[in-house]
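Working notes, structure below.
The values are calculated or read from the model by the stated rules, or taken from the named source; none is laboratory data. Quantities reported herein were computed from a predicted structural model and do not represent experimental measurements. Glycine gets a Cβ as well: all are built from the backbone with ideal geometry, and neighbour counts include every protein chain shown. Protein only, heavy atoms only, side chains kept; ligands, DNA and RNA dropped before computing areas. Shrake-Rupley method; radii C 1.70, N 1.55, O 1.52, S 1.80 Å.
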Amino acid sequence: MIKSSSRDMSERRAFARRLGGFAGLPLLSLLAPFLLLPIIARLGGVEGWAAIAIGQSFGAFAAIAVTFGWTLVGPAKVAGASESLRRLHYGDSMISRLLILTIVVPLASAATLALAPESHRFDALAMAVAMAIGSLSPAWYAIGVGRPGWIAQFDVVPRLVAVGVSAALLLYTGWIILYPICLIFATIIGTGIFSFRIGQLHLRKGTEIARVLGQMWADRTGALTVITAGAYSATPVALLSLVAPAGSVAIFASAEKLYKLSLFSVQSLGGAFQGWVAEDAPTHVTRRMHFSLLSHTLLGLSGGSGIALLGEPITRLLFGEAVAADPMTSLYYGLAFMAVSINTSTGRHILVPLGQLRSVLVSTLVGAVVGVSSMIVLGTIYGGPGGAAGLAAGEIAVCVVQITALATGTRRI
């Protein structure tokens, strides 16, 4: 009994340290560009703000495609692996991501140029490229091996420097394109240094193209899951830009920025739990999984309520009256936040460690169909609030399918 209590206490301390590292350090990386966004909103005006948002949206979807599921299955792969196998996995991830990057960046760039306001097309293009290249970050690897310090060194610090430099240049020149350009250089430098420090990736053993392509095919379920989820979670602004004018897109984008900032809490908590649960080598629903789901449910309820109630005044303060979010858009984004927080735990922390990747894929396919179609239809009719309602519908659909799969799977076990 004493040994069990001591083990529990040790587990709690280890998890607290992990959570502190994965939450505290990336917070700086996220808050810094968020503080820069009010400058961009005021310098660029309604069209410039909409252009940056469209570029971020298409770039974010491209980034999800480039990761090819490594953010979902990668941490579990390296969590209990030997050092040599970890490096092999990292080498595979870099080669696969670079291959996909050469395909999706031109596609995302073309879509961005087609939909961005004409006066700020190149600002939007640079933003899309910066977001896509950001997918090369080694953060997933650091999460898997439980090293938040690596995120600080090779992701957070370069981004903070980029934000500081771009803020000074923006205020001096008024050119908002300098912000994404600085982000591009930050990602290339940080990822390049990390890749060299980790041991040159075992180039002769770990980067044969044919073998990497074979591994990509083996990981297709996880990749399709992540990419499908990105179809509705990373591109709401892009989808709304298809059916709504720039003014509506700009207002909608302000609510989306607050939503994305709030999702940092879900990502931090999810990252801390992901490797922690995988370390337990679960073969059934464990105590760690229950704790994860409870924590994410409480976070979803509190965070979703905050977005719904405070979305309008916060965006008015940050981005100005002209592009402030309206109450209904904020309400639906609050519902989406709650659903994302819950399905992050049911998917990444329970179904994936239990080997039920197919259930996660089915849930994301259902969510994508419901979310994309709802955003387009409701966005056409109701504008920004309709687009946010469609996003919430998609995320809620994911929850329903995953919870159903979890309930039936638990009974089988």
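Among Val266, Val249, Val277, which is the only one that is assigned to a helix (DSSP H, G or I) and at pLDDT 80 or above?
So the residue among Val266, Val249, Val277 that is assigned to a helix (DSSP H, G or I) and at pLDDT 80 or above is Val266.
Given Thr329, Thr344, Thr380, which one is out of contact with any strand residue (DSSP E or B) (no Cβ under 9 Å at 6 or more places or on another chain) and more than 24 Å from Ala244 (Cβ to Cβ)?
Only one candidate qualifies: Thr344.
Kindly establish whether Val370 is among the β-branched types (Val, Ile, Thr), under 28 Å from Leu294 (Cα atoms), open to solvent by less than 30 Å² (accessible area, probe 1.4 Å) and touching a helix residue (DSSP H, G or I) at 6+ places or on another chain (Cβ under 9 Å).
No, not satisfied.
Exactly one condition in (1) at pLDDT 90 or above; (2) surrounded by fewer than 20 Cβ atoms within 10 Å (Cβ to Cβ) is false for Gln402; which is it?
Checking Gln402 against (1) at pLDDT 90 or above; (2) surrounded by fewer than 20 Cβ atoms within 10 Å (Cβ to Cβ), the one that fails is (2).
May I ask you to say which residue of Leu310, Leu361 is open to solvent by 40 Å² or more (accessible area, probe 1.4 Å) and in a helix (DSSP H, G or I)?
Leu310
From the list Leu43, Leu88, pick out the single residue that is in a helix (DSSP H, G or I), of a type in the set (A, V, I, L, M, F, W, C), within 25 Å of Gly355 (Cβ to Cβ) and open to solvent by 10 Å² or more (accessible area, probe 1.4 Å).
Sole residue among the options that is in a helix (DSSP H, G or I), of a type in the set (A, V, I, L, M, F, W, C), within 25 Å of Gly355 (Cβ to Cβ) and open to solvent by 10 Å² or more (accessible area, probe 1.4 Å): Leu88.
Condition check ((1) assigned to a helix (DSSP H, G or I); (2) surrounded by fewer than 24 Cβ atoms within 10 Å (Cβ to Cβ); (3) modelled with pLDDT under 85) across all residues:
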| position | (1), (2), (3) |
| --- | --- |
| Val340 | yes, no, no |
| Pro353 | no, yes, yes |
| Ser374 | yes, yes, no |
| Val377 | yes, yes, no |
| Ala397 | yes, yes, no |
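In the range 379-388, what count of residues is obtained for those that are part of a helix (DSSP H, G or I) and open to solvent by less than 20 Å² (accessible area, probe 1.4 Å)?
Here the count works out to 5.
With Thr329, Thr346, Thr297 as the choices, which residue is open to solvent by 20 Å² or more (accessible area, probe 1.4 Å) and either of a type in the set (Val, Ile, Thr) or not in a helix (DSSP H, G or I) (or both)?
One residue alone meets the criteria, Thr297.
So, Gly230, is that one modelled with pLDDT under 70 and closer than 30 Å to Gly320 by Cα or not?
yes
If I filter the range 46-81 down to residues being at pLDDT below 75 and either part of a loop (DSSP other than H, G, I, E, B) or more than 12 Å from Gly144 (Cα to Cα) (or both), which single residue comes out as most open to solvent (accessible area, probe 1.4 Å)?
Checked the range 46-81; the qualifying residue most open to solvent (accessible area, probe 1.4 Å) is Gly80.
Are any of the residues in the range 340-349 among the hydroxyl-bearing types (Ser, Thr, Tyr), over 18 Å from the mean Cα position of the chain (by Cα) and within 24 Å of Leu294 (Cα to Cα)?
No, there is no match, as no residue in the range 340-349 is among the hydroxyl-bearing types (Ser, Thr, Tyr), over 18 Å from the mean Cα position of the chain (by Cα) and within 24 Å of Leu294 (Cα to Cα).
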